[in-house]
Amino acid sequence: MDKHLSEEDSDNIDWDTEDELEIQDTTLSSCRDLRTNGQYAISGDGEASSSSVPGQSTFIQKFLVMGFSEESIAKAIEQNGENSDLVLDALLTLKQNFPSCPPDIATSQAIEDSPEEQPSASPHLEPCINSDDSSSEYNENFLDDVYEEDSWSSDSDYCTNSAKQCYVKEESSSLSEKEQTILFLANMGYPVEEVSIAMERCGPEASLAELTDFICAAQMARAEDPYLPEDVKPKLNHGSGGYKKRKMFNQLCKSKKPRAIFDEETIRLPKPMIGFGVPTESVPAIVRRTIPEQAFGPPFFYYENVALAPKGVWDTISRFLYDIEPEFVDSKYFCATARKRGYIHNLPIENRFPLLPLPPRTINEALPLTKKWWPSWDPRTKLNCLQTAIGSARLTDRIRKAVEAFDGEPPMRVQKFVLDQCRKWNLVWVGRNKVAPLEPDEFEMLLGFPKNHTRGGGISRTDRYKSLGNSFQVDTVAYHLSVLKDMFPNGMNVLSLFSGIGGAEVALYRLGIQLNNVVSVEKSEVNRNIVRSWWEQTNQRGNLIDFDDVQQLNGDRLEQLIDSFGGFDLLIGGSPCNNLAGSNRVSRDGLEGKESSLFYDYVRILDLVKSIMSRQR
DNA sequence: TCCATTATGATTGTCCCT
DNA sequence: AGGGACAATCATAATGGA
């Protein structure tokens, strides 16, 4: 692993790696060890991969992350083999035992809580500080401090002795009936506070149906209350509305096949997709939002992924990130190319400002040479999303031949074929009857990167497209981050996960925010080289520390980093979209897919950073 | 081995009509 | 409500040549 470290800091941080390598041979014999292996172990296969936990560990890891005990997992695997669905069903059937619900309902609910829907009422699993043996002494002291106030961890089924070593997640069986009911309803999306109120008002014997009716009625009453401020009212017209929840529940209790019902539960995309506002459109209304107290910084955090993910994915992401409403923005409101993305962050949204100069916002302005050849029957003014692959020469040849066959305008049928392909592959007109895919430097320009940002230094043309296609649109992200400029006049310490080609760093730099310490995690070596090269070329005075694997950022390492420069001001990153993106024909497996499940590492690291920093304050 | 090239749909959502 | 047309989509894997 190559670690770049500036001279100043190299003495302050303990960069030993032996402790990580030792973990490999630990047996899966105890809760602590299992979790260490499954969730946090450094991969030992030598690849620069962020998800290269070998075979069984990966399989077990999925379920550990969900909070199941290792005994249950082992049992379920024994009975069902390594079949995710079967094992999950078995685990959930074992685990769930809701008192007010018939057994078949409880099971249905349980089965329904497939990974995609799984996160429970409190998805914020207490962070498990990596506790490989070489550092357990430190961790025990550390965690006692951090989780002093945590009353739940002491009697957890998962953690029997010194305990708070593991993710602490309560088994239903050890909860009171009341708590189980709350958990169940919270699982369905009802706010915990409202459930509590409903239980008080309806009495201890109330059925779930009564409770949901009460909550629903209360929500509708508040929604219609003209004296309540808008941001306090429940959004009944959204997917998360009480009415739909109640309907869902009632159907669930009757239905044999509840899956379809739960699949209806999705966050809806705004139209137009301008999030909480963009500089170029008139602001829809006064946007105000409330962020849960838990979500407040420090640090600020900013998470990004594709907006058009499979159903339920954003619900899950949001639940793991404090139920903050995602801000969905299409970058076509910032530049000449579309890029529909969701952002979950705890940044203020007032007084944002855009990067200057404002980038060209039409194809015409961005690519002036295409104007001469642009046929009148091609109405496009914006490009579609820049992806990781480009159209083939064969295709552009077919298009040339198709258009060439006619003197004036081709017939509608040909026009449609050509336009469909041009939209699909983002082709532009570069000559008479000639279309072509965009060049890498045009990708850079459209995405807000400096020219040649990804050029040279050993990167292939194919990889340039790939890295750029996976990147932020800088102007969009910078607009959201702009509120930080006044807050950090002396610069920031940034933890950048899945950095790619450094979209976050470039955005902050272009905002004129000084980068004091940047810890960057990126598995691709060429991408790390690009960021380091940019760092040096822009004469940064701060420190750039990079890692190749998120698994390396365990509690120890984060503690060291935070100690060495006093904490992070911003945690930013977009986790891999491979298994979420619509372009993926092969493995669009959702959030639990091979790459996209690294989202849970974002959550893990965010929780760790928050814990360590709250302890130090 | 690296790199360039190429072909490979399905899942969503929206809109419009009945 | 419901069906059908329409449109968009941070990709993967196989192949062949250098």
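No value in this document is a laboratory result; all are computed from the given coordinates. Please read these numbers as outputs of a predicted model, since none were measured by experiment. Here the Cβ is made from the backbone with ideal geometry for all residues, glycine too, and neighbour counts use every protein chain on show.
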Next on the checklist: List the GluC sites (Glu not before Pro) within segment A:348-434 that DSSP assigns to loop and that have no more than 11 neighbouring Cβ atoms inside 10 Å.
Outcome noted: A:Glu350
Next on the checklist: Can you give me the long-range amide H partners of A:Leu571? Hydrogens built in the peptide plane at 1.01 Å from N, cutoff under 5 Å, separation of 5 or more residues or another chain.
Outcome noted: A:Phe300, A:Phe301, A:Tyr302, A:Leu495
Next on the checklist: Suppose a student asked you for the relative contact order of segment A:481-558, using Cα pairs under 8 Å spaced at least 6 residues apart; what percent would you report?
Outcome noted: 31
Checklist entry - What is the set of long-range amide H partners of A:Ile545 at a cut-off below 5 Å, with H atoms built 1.01 Å from backbone N? => result A:Val518, A:Val519, A:Ser520
Item to check | Computed log₁₀ I(q)/I(0) - Debye formula, equal Cα scatterers, no solvent, segment A:381-424, q 0.34 Å⁻¹ | outcome: -1.23
Item to check | Qualifying trypsin sites (Lys or Arg not before Pro) in segment A:530-589, DSSP loop, other Cβ atoms within 10 Å at most 11 | outcome: A:Arg541, A:Arg585
Next on the checklist: Report the gain in length on full extension from A:Ser282 to A:Leu369: 0.36 nm times residue separation, minus Cα-Cα distance, nm rounded to one decimal.
Outcome noted: 28.3 nm
Checklist entry - Using Cα-only point scatterers and the Debye equation, what is log10 of I(q)/I(0) for segment A:265-357 at each q in 0.17 Å⁻¹, rounded to two decimals? => result -0.78
Item to check | Residues with amide H under 5 Å from that of A:Phe328, placed H, sequence gap 5 or more | outcome: A:Gly275, A:Tyr343
Item to check | For peptides A:333-342, A:266-275, sequence by mean Cβ density within 10 Å, most packed first | outcome: A:333-342, A:266-275
Checklist entry - In segment A:363-447, what is the volume of the convex hull around the alpha carbon atoms, normalised per residue and reported in Å³? => result 87
